[in-house]
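One structure below.
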Amino acid sequence: MENRQIAQILSETADLLEVSAADSFRIRSYRRAAEVVESSTVAVGQLAAEPKKLLELPGIGKGMAANIVEMEQTGALGLHQEMLARYKPSMLELLRLPGMGPKTVALFWDAAQISSIDELETACREGRLDNLPRCGPKQVAKLLQGIADYRKHAGRFHLDDADLAAERLTEYLRSFPGIERVTPAGSLRRGRDTVGDLDFLVTGPACAEDRVAAVVEHVAGYPLIADVIGKGQNKVSFRLRQGLQVDVRMLPEKSYGAALQYFTGSKLHNVTLRQRALKMGYTLNEYALARLDDGSALPSSTEEEIYAALGMDWIPPELREDLGEIEAAAQHRLPVLIEQSDIRGDLHMHTNATDGKNTIREMAEAALERGYSYIAITDHSKNLAMTNGLDDARALEHIARIRAVDREMAGSIRIFPGIEVDILVDGALDLSDDVLAQMDVVVASVHSYFNQPAKQMTERILRAIENPFVRILGHPTGRLLLRREPYEFDLDAVLRRSAELGVAVEHNAYPDRLDLNDRNLRRAKELGCKIVVNTDAHHTSHLEKMRYGILQLRRAGLQAEDVLNTRSADDLLQRLRPRIL
Ligand code: DGT
Ligand code: CA
Ligand code: CA
Ligand code: ZN
């Protein structure tokens with residue numbers, strides 16, 4: 001079992017224990033174990049063969065080690081299964097509603113036996129919660145709104161979750177003899193910020209008509225399947241345990257390009273492309289590109305052949321949204337999109353001085369391993385008390401520590417002292433100018449009072465970026481994908497003013513944010529904004545989330561030169577808003 005899977009079961013168990021009002025020490029031990037496993041750099045499941053090694057992990061005692069051994073051996077945890085049976089699995093979904101914690105879930109369960117979102121909605125509407133503590137008309141209205149918001153997003157998944165699920169399944173499919181190519185198409189291939197379902201295409205000699213039945217059985221036997229929805233002659237649909245639905249299609253080699261083109265989409269791109277094909281005397285479908293007059297098929301085993309036959313350059317999947325890419329490809333003027341290897345550094349990350357998990361040095365070494373030549377350490381400021389944010393005095397001490405590590409590592413990587421300073425309710429910054437003046441990278445972000453009226457929020461952010469020490473506006477719209485909408489404000493006004501002031505706007509590569517989104521990034525470029533892409537890492541392993549940010553930049557048609565942290569360290573410092581001393 002992978003660390004993520006083990007961690008998920010442990011953390012669900014902690015939630016369920018909390019719902020059942022178990023001993024708080026016990027709840028904490030499961031939560032802590034989940035965290036330790038999730039962030040462990042070794043495969044914890046593999047240690048199960050030598051339980052002594054498990055005990056060396058922080059926070060893992062004898063009981064927890066036995067749990068891990070059980071999961072590795074049986075693929076499940078008895079306690080977890082037992083509690084799921086008691087409360088129904090839908091109980092866990094209740095916890096995904098905004099503002100809903102295990103204590104509230106327990107309250108609703110005890111008072112009204114509510115164990116699903118549907119039951120909660122009915123109970124709200126029938127007034128059955130009215131006599132419970134903290135359940136006035138206002139709270140009930142808020143609950144109903146939360147349910148509506150949740151339903152709007154339900155059935156979509158974060159990009160990294162979909163990506164990891166796809167990687168695992170790809171590996172499994174490739175292991176079958178006679179399968180040569182496996183490609184996740186659809187929105188995942190286009191790098192959309194959230195994914196509805198996975199659309200897999202598979203080809204190779206094993207997909208020949210007389211052999212494909214065995215492939216169908218292999219696919220349906222994938223161990224992470226919750227239920228198989230349908231099995232056809234050359235298609236299998238199923239739902240993974242995490243809820244994600246998957247369609248796998250087996251194809252002959254000669255149709256692979258046509259199918260890949262079709263199932264990559266987007267629908268709008270396909271419609272416009274098919275119209276172009278028709279005008280040129282062809283039909284295009286998932287099986288082939290063919291001549292209209294005699295029905296004869298053109299070579300369709302690769303996408304390149306198909307686009308070339310239509311007089312176009314091959315179009316990177318991220319651009320296939322019918323936003324002008326078809327014309328551009330026909331005129332051979334598609335942009336050369338930014339790639340992950342263009343990135344030279346990451347300018348937003350946290351350490352264990354606040355809510356990060358690693359030291360300055362560990363973050364720097366991890367960045368160096370990725371081939372970066374610089375990073376900025378940008379911990380939180382004091383307004384975010386729950387993160388142990390820095391006040392002026394601690395920020396100064398932190399700068400000194402950052403400088404010391406920078407000196408130790410001189411010649412390999414540069415470490416810029418920085419801060420992610422909170423934009424306070426009125427647009428003032430959370431630290432004094434004297435302290436900010438000593439930082440190379442000041443990222444200013446909104447982390448509170450998200451519900452201000454639009455005008456007030458706009459003024460608040462504009463005031464913040466007027467501060468001459470702010471060099472980057474962090475995650476500018478504040479959205480949390482599938483959880484929180486962007487706050488209401490005049491983004492265009494903020495982008496315009498950022499461009500005038502030379503404040504860079506951030507694309508936050510963390511898959512929960514991906515903010516600014518693709519459309520806003522296009523707008524930012526149009527307005528002449530400086531753009532940076534940062535991971536906002538809270539752990540060394542988060543640095544790799546950069547790739548999800550790169551996908552969004554590519555979707556916005558950005559090139560390496562459009563993004564500041566593709567530059568060398570000196571060039572970058574020159575291009576950031578000038579520092580006043
Ligand atoms: P998702 O799953 O909601 O994140 O988004 P997609 O883009 O993966 O959409 P999905 O899974 O419904 O379909 C995958 C691709 O198949 C889609 O991008 C284009 C193609 N496709 C599906 N249905 C149609 C259709 O009715 N017409 C055309 N032209 N293409 C379609
Ligand atoms: Ca899909
Ligand atoms: Ca689909
Ligand atoms: Zn932040």
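The values are calculated or read from the model by the stated rules, or taken from the named source; none is laboratory data. As the structure is a computational prediction, the values presented were derived from the model and not from experiment. Here the Cβ positions follow ideal geometry from the backbone for every residue, glycine too, while neighbour counts run over all protein chains shown. Just so you know, the surface numbers come from the protein's heavy atoms only, side chains and all, with ligands and any DNA or RNA stripped out. Shrake-Rupley method; radii C 1.70, N 1.55, O 1.52, S 1.80 Å.
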Practice item. Only helical DSSP H runs with n ≥ 4 go in: add -39500 (n - 2.57) per run for the chain, normalise by residue count and round the 222 nm mean residue ellipticity to 500 deg cm²/dmol. Key: -13000 deg cm²/dmol
**Study point:** Listed peptides 404-417, 422-435 by packing density, highest first (mean Cβ within 10 Å)
**Key:** 422-435, 404-417
Practice item. Can you check what the net charge comes to around residue 552, using other residues whose Cβ is under 15 Å from the Cβ of residue 552 (Lys, Arg +1; Asp, Glu -1)? Key: +1
Point to revise | Amide H partners (placed H, <5 Å) of residue 376, local residues excluded | key: 346, 347, 348, 416
Point to revise | Under 5 Å, built H, 5+ apart or other chain: amide partners of residue 384 | key: 389
Review point. In what order, largest first, do 300, 373 sit by accessible area if the probe radius is 1.4 Å?
Key: 373, 300
Practice item. Set the Förster distance to 60 Å, then compute FRET efficiency between residue 46 and residue 455 from the Cβ-Cβ distance, nearest 0.05. Key: 0.60
**Study point:** Zone residues, the range 238-257, relative to residue 172, backbone N less than 15 Å from point 7 Å out along Cα-to-Cβ
**Key:** 238-249
Review point. In nm, to one decimal, how far is the residue 242 label point from the residue 370 one, both placed 7 Å along Cα→Cβ?
Key: 2.0
Point to revise | Relative contact order %, the range 204-363, counting alpha carbon pairs below 8 Å whose residues are six or more apart | key: 14
Revision key, fill the gap. For 374-386, 2-14, 136-148, ranked highest to lowest by mean beta-carbon neighbours within 10 Å, the order is 374-386, 2-14, 136-148
Exercise for review: With only alpha-carbon atoms counted, please give the Rg and Dmax of the range 157-251, in Å.
Suggested key: 12.5, 39
Point to revise | In Hz, Karplus ³J(HN,Hα) per residue of the range 479-490 (6.51, -1.76, 1.60; θ = phi - 60°; x = Gly, Pro) | key: 6, 10, 4, 6, 9, 9, 5, x, 6, 7, 6, 8
Exercise for review: Describe numerically, in nm with one decimal, the distance between label points set 7 Å from Cα along Cα→Cβ at residue 526 and at residue 122.
Suggested key: 4.8
Check your understanding: Quick one: how many Å² of residue 483 are accessible to a 1.4 Å probe, rounded to 10?
Key -> 150
Practice item. First measure r as the distance between the Cβ atoms of residue 131 and residue 401, then evaluate 1/(1 + (r/R0)^6) with R0 = 51 Å and state the FRET efficiency to the nearest 0.05. Key: 0.40
Check your understanding: Between residue 79 and residue 224, 0.36 nm times their residue separation minus their Cα-Cα distance comes to what?
Key -> 50.2 nm
Check your understanding: For the chain, what is one quarter of the convex hull surface built on the Cα atoms, given in nm²?
Key -> 29.9
**Study point:** Derived scalar couplings ³J(HN,Hα) [the range 216-226; Karplus, 6.51 cos²θ - 1.76 cosθ + 1.60; whole Hz; x for Gly, Pro]
**Key:** 4, 5, 4, 4, 5, x, 4, x, 8, 6, 8
Check your understanding: Using modelled amide H (1.01 Å from N, peptide plane; none on Pro or chain starts), what sits under 5 Å from the amide H of residue 505, excluding residues fewer than 5 places away?
Key -> 473, 530, 531, 532
Exercise for review: May I ask you to evaluate 6.51 cos²θ - 1.76 cosθ + 1.60, the Karplus curve with θ = phi - 60°, for each residue of the range 170-181 and list the ³J(HN,Hα) values in order in whole Hz, giving x for glycine and proline?
Suggested key: 4, 4, 5, 5, 5, 6, 7, x, x, 9, 10, 10
Point to revise | DSSP bridge orientation in the range 350-493 - percent antiparallel, rounded to nearest 5 | key: 10
